[in-house]
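The numbers here are math on the coordinates, done by the rules we state, and not lab data. These numbers come from a predicted model, not from an experiment. Cβ coordinates were reconstructed from backbone atoms using ideal geometry, including for glycine residues, and neighbour counts include every protein chain displayed.
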Amino acid sequence: EVQLVQSGGGLVQAGGSLRLSCAVSGYSFDEYAVGWFRQAPGKEREWVSSVSSVDGSTDYSASVKGRFTISSDDAMNTIYLQMSSLKPEDTAVYYCAFTYTDGHNWYGLPMNTYQYDRWGQGTQVTVAS
């Protein structure tokens, strides 16, 4: 069974940087995507970024584009989210998520919560103003 274990997060000042990690294990097939989502109190969980194991393609939400970078180690066993120029509105619980991408009629990277099957435990990111 696929497992995702997150690390990183914490308290940072506005304008600062943090790097989140998501260790992925237990997957059986090579075609999958890993996404990052976040959820602030009283708000809906929103998509942040995704990366594909097939071709390494990435995508970002408009709110983080240019500030956040998604990456992985060589084997794609660990997915990272490098966050820079952090703003108070980035404060949220951040989750990584996993989904197999073969056998779907999807165009582009999945960016909806319903498209993901496994979730990390979440980690709090607080940006102080």
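Overview of values
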read-out: Most mobile listed residue (Lys65, Lys43, Lys87) in the chain, GNM with C-alpha springs under 10 Å; value: Lys43
read-out: Spin-label model distance (nm) - Ser85 vs Ala62, 7 Å beyond Cα toward Cβ; value: 1.6
read-out: Region 1-44: GluC sites (Glu not before Pro) in DSSP coil with no more than 12 other Cβ atoms inside 10 Å; value: Glu1, Glu44
read-out: Arg19/Lys43 FRET efficiency (R0 35 Å; Cβ-Cβ; nearest 0.05); value: 0.90
read-out: Euclidean distance of C-alpha centroids, region 1-60 and region 69-113, integer Å; value: 4
read-out: Mean Cα-pair separation over length for the chain, i.e. relative contact order, pairs under 8 Å, 6 or more apart, %; value: 36
